[in-house]
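Notes follow once the structure below has been shown.
The values are calculated or read from the model by the stated rules, or taken from the named source; none is laboratory data. Predicted model, so just to flag it, every value in this text is computed and none were measured. Reconstructed Cβ throughout: ideal geometry from the backbone, glycine too, with neighbour counts over all protein chains shown. These area figures cover heavy atoms from the full protein model, side chains too; ligands, DNA and RNA do not enter into them. Shrake-Rupley method; radii C 1.70, N 1.55, O 1.52, S 1.80 Å.
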Amino acid sequence: MTAWPVDAVPDGHVAAPHHVYLGLGVLLVVAWVVADDLPHREPVVSVAGALVALFAFGLVWPWYPVVGAAGAVAGVVVALAGVVWPGGMWSTYSSAARALAGVGALVALDDVVEHAFGWATPLDLVWVRVVYPALPST
């Protein structure tokens with residue numbers, strides 16, 4: 001049985017360009033844009049989940065891998081659940097905003113699942129098989 005999380009430090013350094021940052025950044029920007037559309041209907045659950053995931057991934061995981069990985073996975077799952085929950089806060093916003101926030105959360109989920117569980121995820125496979133081989137070697 002392998003240890004969990006699979007990566008003690010994701011890709012050797014959490015400051016590397018991980019797509020968890022890109023995905024949660026997209027979700028947070030969309031939440032910021034739609035937050036003032038309706039009074040007293042802010043996407044608090046998604047924002048809180050995203051912030052927990054960012055904190056856990058970037059600041060906790062390198063020193064406490066189990067706690068960091070658990071926090072990152074749980075935070076992204078909460079953020080995604082906040083977006084897709086039927087009748088939740090996001091249900092009153094435009095479907096385009098909801099879809100963009102959901103895609104952002106899925107992109108982030110792809111990264112944390114790959115680093116925590118070691119499963120081959122779709123975006124990781126694209127990186128390994130297409131993008132990385134096309135980059136010029138240094």
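Could you check, for segment 116-131, whether at least one of its residues is in a helix (DSSP H, G or I) and open to solvent by less than 30 Å² (accessible area, probe 1.4 Å)? Yes, the conditions are met somewhere in segment 116-131. Screening A105, A53, A72 for residues that are farther than 18 Å from A8 by Cα and part of a helix (DSSP H, G or I) leaves exactly one candidate, A105. Do you know which residues across segment 7-21 are assigned to a helix (DSSP H, G or I), under 16 Å from the mean Cα position of the chain (by Cα) and surrounded by fewer than 14 Cβ atoms within 10 Å (Cβ to Cβ)? Of everything in segment 7-21, just one residue is assigned to a helix (DSSP H, G or I), under 16 Å from the mean Cα position of the chain (by Cα) and surrounded by fewer than 14 Cβ atoms within 10 Å (Cβ to Cβ), namely D11. Within this structure, A99 passes the test of being of a type outside the set (S, T, Y) and either exposed (fewer than 14 other Cβ atoms within 10 Å of the Cβ) or in a helix (DSSP H, G or I) (or both).
Out of segment 32-49, which residues are touching a residue at least 40 places away in the same chain (Cβ under 8 Å), outside any helix (DSSP H, G or I) and either farther than 23 Å from A74 by Cα or open to solvent by 60 Å² or more (accessible area, probe 1.4 Å) (or both)? The answer is D37, L38, R41, E42. Within segment 113-138, residues that are in contact (Cβ under 8 Å) with a residue 60 or more places away in the chain reach partners that are part of a helix (DSSP H, G or I) and open to solvent by 90 Å² or more (accessible area, probe 1.4 Å) with beta carbons closer than 8 Å, at six or more positions or on different chains, in the pairs H115/D11.
Rundown of residues vs (1) closer than 17 Å to T121 by Cβ; (2) at pLDDT 95 or above; (3) touching a Leu at 6+ places or on another chain (Cβ under 9 Å); (4) among the charged types (D, E, K, R), yes/no style:
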position: Y21; (1), (2), (3), (4): yes, yes, yes, no
position: E42; (1), (2), (3), (4): no, no, no, yes
position: V67; (1), (2), (3), (4): no, yes, no, no
position: V77; (1), (2), (3), (4): yes, yes, yes, no
position: L80; (1), (2), (3), (4): yes, yes, yes, no
position: S95; (1), (2), (3), (4): no, no, no, no
position: A101; (1), (2), (3), (4): no, yes, yes, no
position: L106; (1), (2), (3), (4): yes, yes, yes, no
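What are the residues in segment 54-106 that are touching a residue at least 60 places away in the same chain (Cβ under 8 Å) and among the hydroxyl-bearing types (S, T, Y), if any? Across segment 54-106, the qualifying residue is only S94. Among the numbered conditions (1) loosely packed, with under 15 Cβ neighbours inside 10 Å; (2) modelled with pLDDT of 95 or more; (3) under 24 Å from V9 (Cβ atoms), the only one that T138 does not meet is (2). When V78 is tested against the conditions (1) open to solvent by less than 60 Å² (accessible area, probe 1.4 Å); (2) aliphatic (A, V, I, L, M); (3) closer than 13 Å to A53 by Cα, the lone failure is (1).
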